[in-house]
Amino acid sequence: MIASVFMSAMLLLAVRSDLDARRIPNPLVALGSLAALACAMAPGGIGLASALAGFFIGLLCLLPLYALRALGAGDVKLMAAVGAFVGPQALPLTVLATFFTGGVLTLLVTLYRGTAMHLLRNVRDMLCSAWWRMACRETPLLEPAAVSAGKMPYALAIAAGAWLQLALADSALATWLQP
């Protein structure tokens, strides 16, 4: 319970900062990560090993998107901190919920900004490039688009995904998705 409160506080501050300045401050993520580790070691916590595993798995889940310049480093570190709060068992649902809400939010933002067609062209170009490389028996490359369709504060998607995971924690879907 207390871990959910600390995680929610960290996420609310991250969303506010991302919306205002398009940045997630390192001190916020560092304090959130330390709070997650403290909560993990408290009686009834998930344990230090689970928190550390969740941290590193959360980091690795979004790192490829950072490499593609689809997300910022703050987003990756924020997901790592969330992983430290929820642990490796709940992290797959959290990441899945984050990607789902991120996709919905991206569609809404591109529709609002009038850049939906540009987004679709970028996706088409990436898929065609990958298909052509596979047809030529080469390894497909995931290259970022030359011109972005716009940026979205992804802390909002991470927060929505984490809260959705908390809401679904006792549902049949969560039980089915977790090992």
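The values are calculated or read from the model by the stated rules, or taken from the named source; none is laboratory data. Computed from a predicted model, the values in this text were never measured in an experiment. Neighbour counts are summed over all protein chains in view; Cβ atoms, including those assigned to glycine, are modelled from backbone coordinates with ideal geometry.
Within segment 27-45, how many residues are surrounded by fewer than 15 Cβ atoms within 10 Å (Cβ to Cβ), out of contact with any helix residue (DSSP H, G or I) (no Cβ under 7 Å at 6 or more places or on another chain) and assigned to a helix (DSSP H, G or I)?
Result for segment 27-45: 3.
Residue check: is Leu63 touching a helix residue (DSSP H, G or I) at 6+ places or on another chain (Cβ under 9 Å), under 30 Å from Gly32 (Cα atoms), surrounded by fewer than 19 Cβ atoms within 10 Å (Cβ to Cβ) and among the hydrophobic types (A, V, I, L, M, F, W, C)? Spell out how you get there, then give the answer.
On the way: touching a helix residue (DSSP H, G or I) at 6+ places or on another chain (Cβ under 9 Å): yes; under 30 Å from Gly32 (Cα atoms): yes; surrounded by fewer than 19 Cβ atoms within 10 Å (Cβ to Cβ): yes; among the hydrophobic types (A, V, I, L, M, F, W, C): yes.
Yes.
If you scan segment 1-53, which residues turn out to be over 18 Å from the mean Cα position of the chain (by Cα) and not hydrophobic (A, V, I, L, M, F, W, C)?
Asp20, Pro27, Pro43, Gly44, Gly45, Gly47, Ser50
Which residues, taken from segment 83-110, are farther than 16 Å from Met152 by Cβ, over 9 Å from the mean Cα position of the chain (by Cα) and crowded, with 18+ Cβ neighbours inside 10 Å?
Hits for segment 83-110 are Gly83, Ala84, Phe85, Val86, Gly87, Pro88, Ala90, Leu91, Leu93.
Just wondering, is there one or more residues in segment 8-16 that are in a helix (DSSP H, G or I), of a type in the set (D, E, K, R), out of contact with any strand residue (DSSP E or B) (no Cβ under 9 Å at 6 or more places or on another chain) and buried (at least 22 other Cβ atoms within 10 Å of the Cβ)?
Looking for residues that are in a helix (DSSP H, G or I), of a type in the set (D, E, K, R), out of contact with any strand residue (DSSP E or B) (no Cβ under 9 Å at 6 or more places or on another chain) and buried (at least 22 other Cβ atoms within 10 Å of the Cβ), one finds none in segment 8-16, hence no.
Does any residue of segment 148-155 turn out to be surrounded by 19 or more Cβ atoms within 10 Å (Cβ to Cβ), among the hydrophobic types (A, V, I, L, M, F, W, C) and not in a loop (DSSP other than H, G, I, E, B)?
yes
Can you report the number of residues in segment 14-36 which are in contact with a Gly (Cβ under 9 Å, 6 or more places away or on another chain) and over 17 Å from Val76 (Cβ atoms)?
0
Out of all the residues in segment 121-129, is one or more exposed (fewer than 13 other Cβ atoms within 10 Å of the Cβ), modelled with pLDDT under 85 and within 26 Å of Met79 (Cα to Cα)?
Yes - at least one qualifying residue is present in segment 121-129.
With Asp75, Asp20 as the choices, which residue is surrounded by fewer than 19 Cβ atoms within 10 Å (Cβ to Cβ) and in a helix (DSSP H, G or I)?
Asp20
Quick check: anything in segment 46-63 without any contact (Cβ under 8 Å) to a residue 24 or more places away in the chain, more than 23 Å from Leu164 (Cα to Cα) and assigned to a helix (DSSP H, G or I)?
Checked segment 46-63: at least one residue is without any contact (Cβ under 8 Å) to a residue 24 or more places away in the chain, more than 23 Å from Leu164 (Cα to Cα) and assigned to a helix (DSSP H, G or I).
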